Amino acid sequence: MSEIVIPYQVEPHPMTGVTSGKLGIWVFLASEVMLFGALFSSYVLLRVGTPAEYWPSGVEAGLNVPIGTVNTIVLITSSITMVMSWASLKMNNLRGFKRFMGATIGLGLAFLMIKSFEYSLKFSHGIFPAVGWPEATDPSVFNALYFTLTGLHALHVILGIAVNVWLLFWGISLFKSQPERFAGRVEISGLYWHFVDLVWIFLFPTLYLL
Amino acid sequence: MSEAHPELGFLRKYVFSTDHKMIGIQYGLTALVFLFIGFSLMMMMRWQLAYPGEAIPLVGGFLKNSWVDNGAMLPDFYNQLGAMHGTIMVFMGIVPLAVGAFGNYIVPLQIGAPDMAFPRLNMLSYQAFLIGGVIMLASFFMPGGAASSGWTSYPPLADIATTGQTYWLFGMIFLIASSLLGGINFIVTIVHLRAEGLTFFRLPFFVWSQLVTAFLLVLAFPALQAAAIFQLMDRLAGTSFFLPSGLVVGGEQIAAVGGGSPLLWQHLFWFLAHPEVYVLILPGMGIIAEVIANNTRKPLWGYRPMVYSLLFLGFMSFTVWAHHMYLTGMGTTMSTFFQATTMIISIPSVIILSCLVISLWGASIRFTVPMLFAIAFLPMFGIGGLTGLPLGLAAPDIFLHDTYYVIGHFHYVVAPGTIFAMFAGIYHWYPKVTGRSMNLRLGYAHFWLSLIFMNGIFMPMLFEGMAGVSRRMFDPTGYVHAQAAHTLTLVTSWSAWGLAVSQIPFIINFFWSMRKEERAEENPWQATTLEWATATPPPHGNFDAPPVVYSGPYEYSVPGAETDFSPQYVKQEG
Amino acid sequence: MDDPQYGWWLPPNVSVHGADIDAMIIWIHWFMLALFVGWGIFIAYCLVRFRQRPGHEAVYAPIEARFSKWLEIGVAVAETVILIAFAMPVWAKLKTEFPEPKDDPVVIRVVAEQFKWLFHYPGKDGKFGRAGSEFFSDDNPAGLDFDDEDGVDDITVRGLHIPVGRPVIVRLLSKDVIHSFKIPVMRVTQDVIPGMEIPVWFEATTTGRFQVGCAQLCGLGHYEMKAALVIETPEDFEKWLDEEHKALGLD
Amino acid sequence: MSTRPILVVACLVTLLGCSGEPAGEPDAQPEAQPGQASAEATPSPIPSVDAGEKAWDPALGTATVSGSVKFDGKPPRSRAIDMAGADEKCAELHGGERIKPETVIVNDNGSLRNVFVWVKSGIEGWSFPMPEGDALLDQKGCMYEPHVQGMRQGQTLVIKTSDPTAHNVHGYAKVNRPFNRSQPPGASDIMVKMKRDEASPPMKVKCDIHPWMNSYVAVVPHPYFFVTGADGSFKLENLPAGTYTIEAWHEKYKTIEQTVTIADGETQTLEFTFPQKS
C-alpha cells in the first residue's frame, strides 16, 4: 500500500458518523439484501406459479426441523460470541477477544458441519437439486431452491469464517500498532456475520416451516 | 502527504497499481479495446445482413471452420456474434469506460480526494473486470462456441444452449462482482472524501451522475447475480428454475424436473437491465454537462433541478423493468402500471436534456472538439429518448416489439449518445491525463465523419423497424417486407464500415498526441472544477495540499470577476 | 391474391384493430417530430447567436426558470393524453374483449417448435382432440392423442388459413423455447412462452397471401421460422377445410 | 500499458478467429471440405486393431442368417407433412404432394420397413476390412435419404444437401461426438468420422430447421447388419459358424433380440414381429 494517507479510515466522518470501512460494509450489505431479496422473491414467484398440492412443506419434503433449529441456535450463539469478541477488544482484553473469536469460528464450522450432514442425509435418500418432490405428479422446484439458497448461504458463512480466521491469526498484528483500526475491522466483519445470521433466520422458516 | 513518493517498481506502478489514476487508465484502454472488438463483431454481422450467404471479405478465410462455410457465415456464428456484441458493448465496453475509466480518474480529482476510499478494492474490481472479459472472449474458442442466446440470455433457450452460455454466466459473475466493488467504492469515496467546503450542491454534475450510477450498480446488479446463479444451477446441476414441465426439444422430452418459470429470468434480468440502461447514460450526461458548462462559459442552467431529476431518475429506474415484457402475456393492470411509470420516468430525462439545451442561451459558445460532441449529443440522445416513447406504450409495442425500431432506439441512446459523450470526455480530459492536447483538425474530422455515419447506421434502422423487420435475424430476406427494406440494410452496413474508417483519425490523434513535444497548459479549457487545481498529470496522492472549495462548480462569467471563470478552489474577494 | 406493396414504412394493414395501432404510431411520431424540430431550431439558433466572437460575452444568469417548466408540463400532459386516450383502450380491447361464441370465432391451436409453426384446427366437429406434451413425437408434432375420437378429424398443418370477416382466436403454445408469433400485416405480436397457453385474437379485413414469422430469438433456425398466412373468403376457407378433411382420409 | 499485450492478443484472435481447430479432439466440429466428398473414399487400412483382434479370414464366412420382419397390429395413425405451409421450396420438390412420415411404413406383404437388423454379440474379436467409400446421407425434398442406415465404425458419414433451401444437420450422437451444423443451399458436404460404435440405439439425425426431417444412423464395428426394405426381409451373409444375438431395432417400437446358433455353410431363418407382444 502506498504511503498516501486516506482520511476517515480510523476516525468517523463528521457527516455520516462512521468510518469509510463501515460505510462501505453497509453499502455492501445493502446490495446483499438486494441479492437475497431477489432470491426470496424468486421463491415466492415460483411457489405462487405452482399448484399448492405440488409444493411440499419443508417437513413433507423431508427437511429435519430439529436439526434446522439446532443450526439456528448455533448461528445465533455465534453472533453473540462475535459481539463479545469485539467488546472485549474494545476493553483491550486481547485474550477475551481471542477466546470469543475462536468460539465464533468454531460455531461457524459447527454450523457448516451440521449442514453438510443434512445434505449427505438428503443425498443418501436420493434427493438432489435436480430431483422434484416425488409425491407430486407435476414436480416443483422445491429441492432446487432448498439446495441453491442454503448452498449460497453456506458460501457466505465460509467467507465469514475465512475473514474471522484471518483477523484472529494474521490481522491481529495490527492490534499493537493501531488497536482502533483493528477493532474497526473486527466490527466490520461482525456486521457481515450478523447479516449472514439474519439471512439464515429468514431462510429457516421459509424452507423448513412454511 | 506532501513528502516525496519513493519510485514504485514497474509492476506496482502499472500492473498492480492502487492509484486511481493508473486504474482509470487501465480501465480506459481495456474498455476501448473491448469496444473495438465488439464493433468488429458487429461489422461481420453487418456483412451477413447486407450480402446474405456471401463470403466475408478480409477475415472470412481466417475464421474457424465451425463458424463459416467457405468464408460465408453460418447462422450459429451469427447468433454468437449478436449475443457477444451486446454483452461486450454493454458490460465490457461502455460501463467500464464510463464508470471505471472516467469515474476512477476524474471523480477523486473533482472532489479533491487523495485517492479512492479503498484503493486496493479498486484494483481488485479492475482485475475482476479483466478476468470476466477474458473469459467472455475465450468462450469463442470453446468447442460449442460462445453464448448464442442473445445478450438477454432468455431461458429455456439459454438453458439448453451450448457450453458457451456457461462461460458467459461465469464471465458475468466476475463482471458483476467488479461493478459491485466499484459501486461501493464510489459511494464511499464521494460521500466521505469530498474536500473541505465541497458540499453536495457544489459537486460537479459529473460527480452526481457517478454517485447515482454507483447506487444503481450496487442495488440492481444483485438481481442479475441471482438470475445467473439460478441459470448456472439449471445448466450444471440439472435443476429447472426456468424450465416448465414437459419440454420437447428435437423431438425428445428433455430430462428436467420441470416446474420452473421462463418468465422468472426475464423479471430478474430486466430488473437489472433497466437500471443498467441508466448506468450507461448517466455518466455520459455528466460528462456532457461538464463540457457544456465549460464551453458555454456560463453556469449550467437549472443545476438543482437537474440533480433532483437525476435522483428521481435513479429511483424510478427500478420501477419500469416490465415494459420490456408487454408481450409476455401481461394483463391490463400490470401493463397500465408499467406504462404509467415509463411515462413518468421520461419526465426527468426531459428536464435534464432541456436544462442542458437551455444552458446554451446567453452563452458564449466555444466550438472545441469536446463541445462539438456535446452539442451533437443533445439531438442524438433526443432521438433516442423520443423513439422510446412508442416502445414504452404497450399498444404500439405490439407492432414495434423486437423489430429494428427497438435496435435503432437504444443504439441512438448509447451510440451517438453515450459514445459521443465518451469521446467528448476523452477530448476534454486528455490534456489532464497526458499533459498534451489533442490535434484539432483530426478531432474535427473524427467528429464530422462519426456524426454522419452514426446517423447513417441508426436512422435506417428506425425505418426498417417501421417496415416490421424483426431483429436478430441471420437472414431476414426470407420475409417479403424485409426484402422491400433491404436497401436500408445496405445503407446501415456501409455506414457501419464507414464509421470504422472514421475512427482512424481518432486513433492516430490519440497515440500521436501522446508523443507530442510541447505540453498543454495547466488549465487549457480555463475550467473551474477541482481536477485542474493540481499538477498535470497529477502526482501520486493528487494534491500537494488538500484543496478547499469556496464556490459552486460552474462559476463562469461571474459579474465583476476579472476573468470569465472563477475556479472553485480560488477564494473570491468580497 | 394481389401482392401487397411493402416499403420503408408501415406494411399494409389487413386487420380490424390494426388501424388503431397505426393511428397511434403515426400520432406519436408527429408529436416526437414536433418536439424534435422545436428543440433543433432552438439549438441551432443558440449556436449561431451565442457563438463566441469578439465583443460577445456570456451572461451569468440569462433567463429565469419559468421557460422550461411549460415545456416539461406540456410534455407530461401530452404523454398522459396519449397514455389514457389511446394506449390503454386499444390494449384493453385486445387483451380483455375476446370474441364470444356468438361471434362465431375460428379457434386455432398453434404449436411453436424449433423452428416451424404448426396450426391445429378442431376440424368438422369443432372439437379439439386431446393433446399434450406426452404425445409429442417425430410423426406426431401436434402432440395429438390418436385414441381420442374428437381428434380424428383435427387438421394439423404448417400454414395458417383464416377466413375474412370472422374473428380468429389463436391459442399459442410452445414445445421448447420462447418464440414470438408475429404477423406484421395483422399488427399482431405475442410471445409464446413454454408452459403457458396465451390466446390472441384478430380479424382480417381483406384476402391475400402473407407470412407468419417468429420475432423472438429461438435458436439458429430463428430466421427460418416462417409460415404461410392465407386469408380467404369464407367460401374458400370452407372449401379448404373440406380438402383437408379429405386429405385425412375422411369423407 | 500493463494491459495492452493481453488485449492486443485478445483483439487479434477475436478478429481473425483461430484458423486451426479449437483445442480438444480435432473432429470436435464436423469438417466441411469444399468439393471432396470422397476424401475418405480410399479403403483405409484396418482401423485401430486391438491386441486381441485377429484379421478376418473370408474363408470362414460361410453361414447365413436370413429372415423377415413382420408387422402385427394396427399401424399407428400419422398425419401427412404439410411442407407447403412451412417452406414452399420443399413443397415444390414434391409437386405439392404431401408425403407421410417414414416412421412406421408397413409393406403390402404385412412386413415392416426401416428395421435395423444386426449381429449384436457373438462376432467379437475380429477386425474386418473396411468397405470402400463413405456412408452417405442425402437431404432431398426436405427429407433424409435414407431414413435408416447402417455404417461401419471408423467410416466417414458424408451429409450432402440437394435442396434449394437451408438445412441444419443436428446429430444427436450419444457415444460419438454430437454435431450440429447449418447447410445452406449449395453448401459443401459435411463429413463426420464415426470413431466409436453406436448401434443400439442408433444415432438420431434431425434437421433443426425442418422439424419433420429425421433419420437414424447405426455405427457398427462389423459388416453384419441390414435395413429392411420394401419386402421386409433381411439377410446377414458370410457369418462364421457360432452363436449370435441378433437384434432388430425400430425407432418407434421396443427392440427385439433373438439368439441363433449356426454351423458352417448352413442358413438359418429368423422372424421378428413388431410390436412385440408382452
Helix axis angle, B:404-413 relative to chain B longest principal axis, alpha carbon, degrees: 20
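Is region C:101-247 rounded, prolate or oblate when judged by the Cα gyration tensor, a ≥ b ≥ c being the square roots of its eigenvalues, rounded requiring a/c under 1.5 and prolate requiring a/b larger than b/c? All intermediate terms of the calculation are to be shown ahead of the outcome.
Numbers: a/c = 1.63, a/b = 1.07, b/c = 1.53.
Because a/c hits 1.5 or more and a/b fails to exceed b/c, region C:101-247 counts as oblate.
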Counted charge near residue C:235, where neighbours are those whose Cβ lies closer than 14 Å (Asp, Glu -1; Lys, Arg +1): -3
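Mind running the shape call on region A:21-103? Use the C-alpha gyration tensor, a ≥ b ≥ c as the square roots of the eigenvalues: rounded below 1.5 for a/c, prolate if a/b tops b/c, oblate otherwise.
Numbers: a/c = 6.77, a/b = 1.80, b/c = 3.77.
Oblate is the answer for region A:21-103, as a/c is 1.5 or above yet b/c matches or exceeds a/b.
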Peptide-level mean, for C:157-163, of C-beta atoms on other protein chains within 10 Å: 4
Whether region D:60-274 is rounded, prolate or oblate, judged on the alpha carbon gyration tensor where a/c under 1.5 counts as rounded: oblate
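Please report the antiparallel percentage of DSSP beta bridges with both residues in the protein assembly as shown, rounded to the nearest 5.
On the way: 83 of 116 bridges.
So the antiparallel bridges in the protein assembly as shown amount to around 70 percent.
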0 to 90° range, to nearest 10: angle between helix B:205-232 axis and chain B longest Cα axis: 30
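In the structure shown, do any of C:182/D:100; C:124/D:100; D:204/D:254 have a Cα-Cα gap over 26 Å, and if so which?
Values: C:182/D:100 29 Å; C:124/D:100 22 Å; D:204/D:254 16 Å.
Beyond 26 Å between Cα atoms: C:182/D:100.
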Rough spin-label spacing in nm, given labels placed 7 Å along Cα→Cβ, for residue B:487 and residue A:70: 7.9
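I need the calculated FRET efficiency for the pair residue A:33 and residue C:134, taking r as the beta carbon distance and R₀ as 35 Å, to the nearest 0.05. Before the final figure, lay out each step's value.
Working: r = 43 Å, r/R0 = 1.22.
For R0 = 35 Å, the calculated efficiency reads 0.25.
Could you check what % of the DSSP bridge pairs in chain C are antiparallel, to the nearest 5?
Details: 29 of 40 bridges.
Here the share of antiparallel DSSP bridges comes out near 70 percent.
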Burial order of peptide ranges C:213-226, B:255-268, B:537-550 (average beta-carbon count within 10 Å, highest first): C:213-226, B:255-268, B:537-550
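Just to confirm a number: summing +1 for Lys and Arg and -1 for Asp and Glu over residues other than residue B:44 whose beta-carbon lies under 13 angstrom from that of residue B:44, what do you get?
Values: positive: B:46, B:64; negative: B:54.
Around residue B:44, the charge tally is +1.
When Cβ neighbours within 10 Å are restricted to other protein chains, what is their mean count per residue of peptide B:347-358? Write out the running numbers ahead of the final one.
Values: counts 5, 1, 0, 8, 5, 0, 1, 9, 3, 1, 7, 8.
That works out to 4 on average.
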Sparse-neighbourhood loop sites, chymotrypsin sites (Phe, Trp or Tyr not before Pro) in region B:1-110 - DSSP loop, at most 13 other Cβ within 10 angstrom: none
Within region C:202-229: backbone nitrogen closer than 20 Å to the residue C:16 label point (7 Å, Cα to C-beta): C:202-208
Pairwise centroid distance, computed over Cα atoms, of region D:127-146 with region B:262-321, Å: 60
Over 24 Å (Cα to Cα) - which of C:175/D:193; D:70/D:195; C:93/C:127; D:70/D:160; C:127/D:206; C:226/D:206 fall in this group: C:175/D:193; D:70/D:195; C:93/C:127; D:70/D:160; C:127/D:206
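Give the peptides B:496-504, C:87-95 in descending order of average Cβ contacts within 10 Å, highest first. Walk me through the intermediate numbers first.
Numbers: B:496-504: 16.7, C:87-95: 19.0.
Sorting B:496-504, C:87-95 by mean packing, highest first, produces C:87-95, B:496-504.
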FRET efficiency, 1/(1 + (r/R0)^6) with R0 41 Å, evaluated for residue B:497 and residue C:47 via beta carbons: 0.85
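Evaluate peptide B:224-231: per residue, the Cβ atoms of other protein chains within 10 Å of its Cβ; return the mean as an integer.
Numbers: counts 2, 7, 11, 3, 0, 8, 8, 0.
Mean partner-chain Cβ count within 10 Å for B:224-231: 5.
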Label-point gap, in nm, between residue C:61 and residue A:123 - each point 7 angstrom along Cα→Cβ: 7.2
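When ranked by the protection proxy of mean other Cβ atoms within 10 Å per residue, highest first, what sequence do the peptides D:133-144, C:188-199 form? Present the calculation step by step, with values, prior to reporting the outcome.
Values: D:133-144: 20.0, C:188-199: 22.2.
My ranking of the peptides, most packed first, is C:188-199, D:133-144.
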Taking chain B and dividing mean pair separation by its residue count, relative contact order in percent (alpha carbons under 8 Å, at least six apart): 15
Aspartates and glutamates whose Cα lies under 16 Å from that of residue C:102, excluding same-chain neighbours fewer than 8 positions away: C:203
Among beta bridges that DSSP assigns inside region D:128-236, antiparallel share in %, nearest 5: 70
Label-point separation in nm, residue D:140 to residue D:243, each point 7 Å along Cα→Cβ: 4.4
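If R₀ is 35 angstrom, what is the calculated FRET efficiency for the pair residue B:200 and residue A:176, using the beta carbon separation as r and rounding to 0.05? The partial results should precede the final answer.
Working: r = 39 Å, r/R0 = 1.11.
That pair, residue B:200 with residue A:176, gives E of 0.35.
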Within-14-Å neighbourhood charge of residue D:224 [Cβ basis; K, R +1; D, E -1]: -1
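Computed from the coordinates by the stated procedures, all read-outs in this text should not be read as laboratory data. Small disclaimer: the values here were computed from a predicted structure and weren't measured. No Cβ is skipped: glycine too gets one built from the backbone with ideal geometry, and neighbour counts run over all protein chains shown.
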